[in-house]
Amino acid sequence: MSKFTVDLPYKYYPDPTKGKPVYLGYIYIGEPNTDPEIVGNQKTVTIDGTTPISQPIRTSAGGVPDYNGAAATLFVDGPYSIKVMNSKGVQVYYAATVLDDIQTQIEANTALIEGNVKNFATLAEAVAETDTSRAFDGAAANLKERTTGNGGGAMWDYVDISSVTVNTFNIVACTGDASLALVMRNAPSSSQWGALGLDDTLAIQAIIDSDIVNIYIDTPSNITSTLHVTKIKKISSINGGKLNVGTGMGSSDLISIEVDGCVIDGLEIDNPNELKTQSGGKQQGLSIKANKTSVINCVIRKMLTGVTVEPQGEYFDTRIVNNNFVDMLGAGDGPADALSSLGEDRGDAIVSWGARNIITGNNIALKDGQDGRVGIHVESLKGLIPVPSSDDNRASTISNNIIKGAYRRHITDESMWATVITSNVCDGGMTWWGINTVQGRLEKVISNNIIRYDRMITDETGKAWSPRHAATLSLGQVEGSNNIVKITNAGGRGLDVYSANLGAPLRHVNLQVSIYADDIGQDVTFSAIDIVYGENINVSKAKIVGRFLTAISAFNSQWINCDDSDISGTKDWAVIISNVTGQVSTSRLKVKGCLKGIDISGSSNISANSNEFQNMGSTDAISLFNNAVITCQNNLFNGGDGKVITGGSTEKYLIENNVGFSDIAPISQTV
């Protein structure tokens, strides 16, 4: 009987730079001479010749292919390429063509045993090698580091120099034997391409221009001209690597993304010297001029503008998700300069002129002392799109973000369709508005947001633009519910529904808010909700607490509804409505601890029914002057002596069944 050497059938993958297994790594197998990490290049791999296994194939803690927790032997038909990456996604091996026939494998192993792979400490040592038994066409150089102390170890191949074009990054001429060059295997890290933490612009651009899809920034690299991404890439930072805005970049993009489908994942970019301009060219971190771009899990630090989806498109399907924007910069002159008009054309953490945006889970903070424009800004291109389509200017989701600091606006939507702004926290510092919609359209929702509005009344940031200060400003059509506004200083309104043009009233706002200013220790000289030149405005079910001048005021408008609201603590009237045509409904209000109740004048079709007044500062519960048609029924004034005051040229009114009132005007004419 024949005797066999006992051996295991499993492939072991060692890490040649560490003398350890490739721990919890990734294996990709594809067609020869391709990148097997790209799904379209992958071949079918089985564990028993018949059962397919999905890619990437993971290695166990011991560096052996793993399938459902057990060691596996991998099978593939015909020649293939193979890429092995460690647990951090750094490439350990790549072979463009592997033949599956046994004799070829034996020959390859024999060549390895005979010494075709030589170890070198650095690239300089390998380049200068004169020993022809170590440096010859067909030999491989295993570098511990590219340069001493800077990492960048990789596998390189000695080739005939006439067969390649030297570029100093991944193809380097030899000095020991001038007939040879060294060609780096597909190494994905910036240190492997020669980035040393100085001006690394050329090295980083070289790896971006290569055919490697997944690239890693593993050195703190200064960039002195814009990096252009023109091939599909996934760019990440590892081991403390980042891209810094370098000398002369105060009015330029750090990275320009110019091809569809790129992913910027876990990249850190920084502007350590806070370079910026107030006019002319703009300093930006990521400039997107492409579709289907994802910016996820990144750290973006001290940028004037963090991420821009540029207006040259329109570009679609951008994902800006789970990023940290730290110590961001602005271009305005701040609260002390009331005459400056600077800062309104730049200074956004995120701005998109594209469509189908998903902007979620970002943490945005403006640096103290800066005057920024917008935390998150989406805007339509209106008539500027070169080739219009039905998807233009629509479909943005802004959700679960936290914005903090002296941005003039924390979140802005301008002229977009089908926008959802939900579950965001505007955590103080805004100098104009927390959330605002401008020239809005139907299909817009603002819900479940929290706004802490702490503007000081003396803050004159951007005064040259004459902003109306409010936690929420609606200049367009919007639906919404369950929004909470906390006023912590006396510097603005809670909700401002405003049109500057009587001939073009603001139409169709249906917004439910809770507005609190109950513990700031001072009077607020604004209304909690202020409506000017509005049409079909519904602010019912509001809850308003605090020393506002008025809880709800509406002037020169049409069709106003503030039913079912709870109001307490106002210094003057709880509700003031003047010169409103169409239906005006102020019914089922609970008014507590206010100086006065409801004042409606110069309006028509008034319903002031079933309201309850408690602990009022005066007996003036309801005042109705110069209105066309009034119903005032079933109101309750706790404590007695409440008054319904009527007068002027009212045409018809019905006042009856009110409890706790005295001096009630007689019924003039049944409505």
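The values are calculated or read from the model by the stated rules, or taken from the named source; none is laboratory data. Keep in mind it's a predicted model, so treat the numbers as computed, not measured. All Cβ positions, glycine included, derive from the backbone under ideal geometry; neighbour counts span all protein chains shown. The accessibility values were calculated without ligands, DNA or RNA, using every heavy atom of the protein model including side chains. Shrake-Rupley method; radii C 1.70, N 1.55, O 1.52, S 1.80 Å.
Note on the chain: helix-only mean residue ellipticity at 222 nm, from DSSP H runs of 4+ residues weighted -39500 (n - 2.57) and normalised by residue number, equals -1000 deg cm²/dmol. Scanning residues 5 or more positions from LEU506 or on other chains, those with amide H under 5 Å from its amide H are SER499, GLY534, GLU535, with H placed 1.01 Å from N in the peptide plane.
How would GLU651, GLU31 line up by accessible area, probe 1.4 Å, largest first?
The most accessible residue leads, giving GLU651, GLU31.
With the simple spin-label model, which puts each label point 7 Å out from Cα in the Cβ direction, the LEU24 to ASN68 separation comes to 2.3 nm.
Rounded to the nearest whole Å², what accessible area per residue is found for the stretch 477-600 with the 1.4 Å probe?
Spelled out: the 1.4 Å probe surface of the stretch 477-600, per residue, equals 34 Å².
Assign unit charges at the C-beta atoms only (+1 for Lys and Arg, -1 for Asp and Glu), then state the dipole size of the stretch 400-496 relative to its Cα centre in Debye, rounded to the nearest 20. That gives a dipole near 140 debye.
Any number yet on Rg/Rh for the stretch 344-384, C-alpha, Kirkwood? Walk me through the intermediate numbers first.
Values: Rg = 11.9 Å, Rh = 11.7 Å.
Here Rg/Rh amounts to 1.02.
Taking the protein heavy atoms of the chain in the context of the full set of protein chains, the accessible area attributed to carbon and sulfur is 51 percent at 1.4 Å. Against the main long axis of the alpha-carbon atoms of the chain, helix 102-113 sits at an angle near 80°.
Converting phi to 3J(HN,Hα) with the Karplus coefficients 6.51, -1.76 and 1.60 and the offset θ = phi - 60°, the stretch 267-275 yields 7, 10, 10, 9, 10, x, 9, 6, 6 Hz in sequence order, with x at every glycine or proline. Only protein heavy atoms count here; under a 1.4 Å probe, LEU196 has an accessible surface of about 80 Å². Once label points are set 7 Å from the Cα along Cα→Cβ at both ARG507 and LYS367, what is their separation, rounded to one decimal in nm? With each label placed 7 Å out from Cα toward Cβ, I get 4.6 nm.
Dipole check for the chain: with +1 at the C-beta of Lys and Arg, -1 at the C-beta of Asp and Glu, and the Cα centre as origin, the magnitude is about 1220 Debye. Considering only ILE520, ASN626, GLY330, and ranking their Cα positions along the charge dipole of the chain that arises from unit charges at the beta-carbon of Lys, Arg, Asp and Glu, the one farthest toward the positive end is ASN626. Of the residues SER481, GLY593, ASN510, the one whose Cα sits farthest toward the positive end of the charge dipole of the stretch 467-600, with +1 on the Cβ of Lys and Arg and -1 on the Cβ of Asp and Glu, is GLY593. Compared with the alpha-carbon gap, the fully stretched path from ALA128 to ILE645 is longer by 176.1 nm at 0.36 nm per residue. Diffusion of the stretch 403-562 by Stokes-Einstein, at 37 °C in a medium of 0.692 mPa s and with Rh set to the Kirkwood radius over alpha-carbon pairs, works out to 217 µm²/s. With Cα atoms as the point set, the radius of gyration and Dmax of the stretch 26-76 evaluate to 10.8, 31 Å.
Solvent exposure of the stretch 174-311, expressed per residue, is 32 Å² of accessible area, with all protein chains present and a 1.4 angstrom probe. Tell me, Kirkwood radius of the stretch 179-332 from alpha-carbon pair distances, in Å? In the stretch 179-332 this quantity evaluates to 15.5 Å. Each Lys and Arg Cβ is given +1 and each Asp and Glu Cβ -1; about its Cα centre, the stretch 240-368 then shows a dipole of about 220 debye. Loop-located chymotrypsin sites (Phe, Trp or Tyr not before Pro) in the stretch 133-194 (DSSP state other than H, G, I, E, B) with a sparse environment of at most 15 neighbouring Cβ atoms within 10 Å: PHE136. With viscosity set to 1.002 mPa s at 20 °C, what whole-number translational diffusion coefficient in µm²/s follows for the chain from Stokes-Einstein and a Kirkwood radius over Cα pairs? D, rounded to a whole number, is 73 µm²/s. In the stretch 529-568, which residues have a backbone nitrogen under 12 Å from the label point lying 7 Å from ASP518's Cα in the Cα-to-Cβ direction? Residues 543-547, 566-568 fall inside that zone. Length gained on full extension, LEU654 to SER610, computed as 0.36 nm times the residue gap minus the Cα-Cα distance: 14.5 nm.
Each of ILE208, PHE661, THR147 was placed along the dipole of the chain (beta-carbon charges, centred on the mean Cα), and the one lying farthest toward the positive end is PHE661. Placing pseudo-labels 7 Å out from each Cα toward the beta carbon at SER279 and ASP199 gives an inter-label distance of 2.9 nm. The ASP566 and TRP465 beta-carbon pair, evaluated with R₀ = 45 Å, returns a calculated FRET efficiency of approximately 0.85.
Here is the size of the stretch 524-629 from its Cα atoms: Rg then Dmax, 12.1, 33 Å. What the Cβ-Cβ distance of THR175 and MET456 gives, at R0 = 41 Å and to the nearest 0.05, is a FRET efficiency of 0.05.
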